[in-house]
1. Does region 34-51 hold any residues that are among the small types (Gly, Ala, Ser), in contact (Cβ under 8 Å) with a residue 60 or more places away in the chain and more than 13 Å from Ala71 (Cα to Cα), and which are they?
2. Return yes or no: is Gly100 in a loop (DSSP other than H, G, I, E, B) and at pLDDT 95 or above?
3. Is it the case that some residue within region 61-78 is within 16 Å of the ligand (Cβ to nearest atom), in the same structural domain as Val146 (by TED's automatic domain parsing) and either surrounded by 21 or more Cβ atoms within 10 Å (Cβ to Cβ) or modelled with pLDDT of 95 or more (or both)?
4. When you go through Ala52, Ala13 one by one, which is the residue that is within 16 Å of the ligand (Cβ to nearest atom), within 20 Å of Val146 (Cα to Cα), at pLDDT 95 or above and in a strand (DSSP E or B)?
5. So Asp275 fits all but one of (1) over 18 Å from Ala254 (Cβ atoms); (2) away from the ligand (no atom under 14 Å from the Cβ); what number is the exception?
6. Are there any helices (runs of 4 or more DSSP H) wholly within region 182-292 with 2 or more residues that are assigned by TED's automatic domain parsing to the domain that holds Glu326 and over 30 Å from Arg321 (Cα atoms), and if so which?
7. Taking the conditions exactly as written (away from the ligand (no atom under 13 Å from the Cβ), in a loop (DSSP other than H, G, I, E, B), outside the structural domain of Ile165 (by TED's automatic domain parsing) and within 28 Å of Ala297 (Cα to Cα)), does Ser322 satisfy them or not?
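The values are calculated or read from the model by the stated rules, or taken from the named source; none is laboratory data. Computed from a prediction, not measured in an experiment: that's the story for all the values here. As a convention, Cβ positions derive from the backbone with ideal geometry for all residues, glycine included, and neighbour counts pool all protein chains shown.
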Amino acid sequence: MPARKKWPLFIVANRLPVVRGKGKGEGTWKRSPGGLVSALTPIVQRAGGAWAGWTGTTGPAPDPFDYDGIAHLPVPISRTQLASFYDGFCNGTIWPLYHGAIREPEYHRRWWQPYVTVNRRFAEVTAESAAQDATVWVHDYQLQLVPALLREMRPDLRIGFFLHIPFPPEELFGRLPWRRQILEGLLGADVIGFQTQGDVGNFLRVARRYADARVDGGQLQIHGHTVNVDSFPVSTDFDHYSQMASDPKVVKRAVQLHHQVGQGRKIILGVDRLDYTKGIDVRLRAFHELLSRRPEAVRECVLVQLAVPSRWRVSEYRELRSQVEELVGQINGEFSEVGLTPVQYMHRELPFNELIALYRSAEVMMVTPLADGMNLVAKEYVATRFDNSGVLILSEFAGAAEELKSALQVNPHDVDGLAETIDMALSLPEKEATRRMSRMRDVLSEHTVYDWADSFIEALDV
Ligand code: ADQ
């Protein structure tokens, strides 16, 4: 029997970086869109590595397969596990708790065991196929137990963990009935990465308090094991966005969109997953406030809100959709003039080119999450402004605010403040707007998603 193949570099993430093709490509795999997948792919390809993750379909997993120079190791998730592990513990407990408990987290003992079981399955798949001394990079809040489980199974591995969402302060984390188990799970890693320094500080305090770890600068000592903790702010493929944005076809489409949607007005754009952390409802209320103060603004600007369907099985998300659509209806009912609608709302995903054209067509971009690990939409908008035009309104509570200091930063809970900032953005002198945008572009061009991935792997390989 041939020896089983083993891989020297592993990415372990909830989802595999491929999706099943539709229509003509039915049944075949294709690479998932998105910056993270594009950044990680060359690193894994170069190392001849593997990626363990779920396919997105419940039931038995397909056999491992190669795609685009990467070994894909599917991890099975059953329909009942999906309900309690993913919809339940991940998105009903951890997601709201880690986002500052802006929705009440639910704590159900029946959700915990499936979280442990699924995490164990991911660890087993990796442990079986990682080469001796391999490097393993585990991603995000769905897999917080994997580092310690893996260390126990395979003490020879170098294990890194990166959290894409915020890490909460100790008074919130302390509420979690399984706080000790989660911490022990994470502390199995050699390197733990967060989006911001704020998250790092929260984690160090929590580890000292609830895991009795000894903290020395960014290093933790626990049971004779050293864990390095640092921030690795995620970013975009800056050059790709910038080049795409200047492609003549995209430029033409942006002009066309501006003409059709703007009808001579400035475009204010919002692009988000339909999630209660993204502050879409408060943004709409602020726009309502602006129109109440100055109804003539309907002739100066239009708010285009794109909301990608998300987690529709969770009832809170369905309620959010109704709430957002009601607010849109209310604003349009109150302030539309013949032929002029103040809010254009789209509930769907857009093809990449169309999204870039929309970014290009918008004079003002509103990114106002109540809490967000980083927020790539803010960075993508900046990356497309190759001519330094455009104004970014950015929540203080997005991780991106640590780097994008030249954005118009706002407290997203402050409806009046937000309404005033929209007004300010609409009339910001061009020189001032250019100065701010060019500073933000300097910051982002020096730190792309490729730098992010390289710096994490480097930290892990020392
Ligand atoms: P998300 O919460 O999903 O990510 P974000 O960082 O904004 O949030 O990424 C969303 C992505 O979806 C962007 O790349 C955007 O282009 C794309 N997108 C949004 N609307 C779209 C549409 N209608 N059509 C097509 N594409 C659309 C989590 C964390 C973030 C963190 C990232 C990466 O919550 O804080 O920045 O991971 O670490």
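1. Gly35, Ser38, Ala39
2. yes
3. no
4. Ala13 is the lone residue from the list that is within 16 Å of the ligand (Cβ to nearest atom), within 20 Å of Val146 (Cα to Cα), at pLDDT 95 or above and in a strand (DSSP E or B).
5. Among (1) over 18 Å from Ala254 (Cβ atoms); (2) away from the ligand (no atom under 14 Å from the Cβ), the lone unmet condition for Asp275 is (2).
6. Here the list reads 238-246, 248-257.
7. no
Here is a yes/no grid of residues against (1) loosely packed, with under 15 Cβ neighbours inside 10 Å; (2) away from the ligand (no atom under 16 Å from the Cβ); (3) among the aliphatic types (A, V, I, L, M); (4) farther than 27 Å from Leu428 by Cβ:
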| position | (1), (2), (3), (4) |
| --- | --- |
| Arg283 | no, no, no, no |
| Ala297 | no, yes, yes, no |
| Val304 | no, no, yes, no |
| Trp312 | yes, no, no, yes |
| Ser315 | yes, yes, no, yes |
